[in-house]
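Everything below concerns the one structure shown next.
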Amino acid sequence: MRRFLAQFTRFGLVGLVGLVVDVALFNLLLNTVFAPERVDGGPLLAKAVSTSAAIVCNWIGNRLWTFREHRGRQLWREGLEFALVSVGGLLIGLACLWLSHYVLGFTGRLADNIASNVVGLGLGTAFRFLLYRYWVFRPRRGEPHVFDPSVTTAPRGATPVVPPRGPAALPIPPE
């Protein structure tokens, strides 16, 4: 449980950096190039761009720090899976923003921020953490699966016991 909490704390700190990037860029874009007065669908476009930038920051932080001991050897596969999970989290945030802005009619800047950066981010974070932990960065996932009957199964974290091989493995005949 202690390792889980430490990992969750690192995930939260990496996410906090991503949140700062996301919220700052979202509001910058929402008040400039994607202002709703200028661009139809501006809040959704601003959120898609800002979350994409945050995903890149989170990929680096989670790969190199949060899940460093479990990162796989297949960088491209892991990167693709990370991107798929991140896009799932993005879609959750966009759905919350769309529902609030276009269905419920809460069109103010504060309402957009609450819908996307509080509700959507909270739901998306839970979704992403679970899938990163149990799928993308699953422990021992990147290790090759080689069956060696001479290696006995050892508890997690322990060094496996390997019987000696070669001349040392032969019994010494009695004299």
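What follows draws every value from the coordinates through simple rules; no lab data is involved. Everything numeric here is computed off the predicted structure, so don't read it as measured data.
Each Cα pair under 8 Å and six or more residues apart adds its sequence gap; the mean of these over the residue count of the range 2-136 is a relative contact order of 23 percent.
Relative to its Kirkwood radius, the Cα radius of gyration of the range 2-136 gives an Rg/Rh of 1.01.
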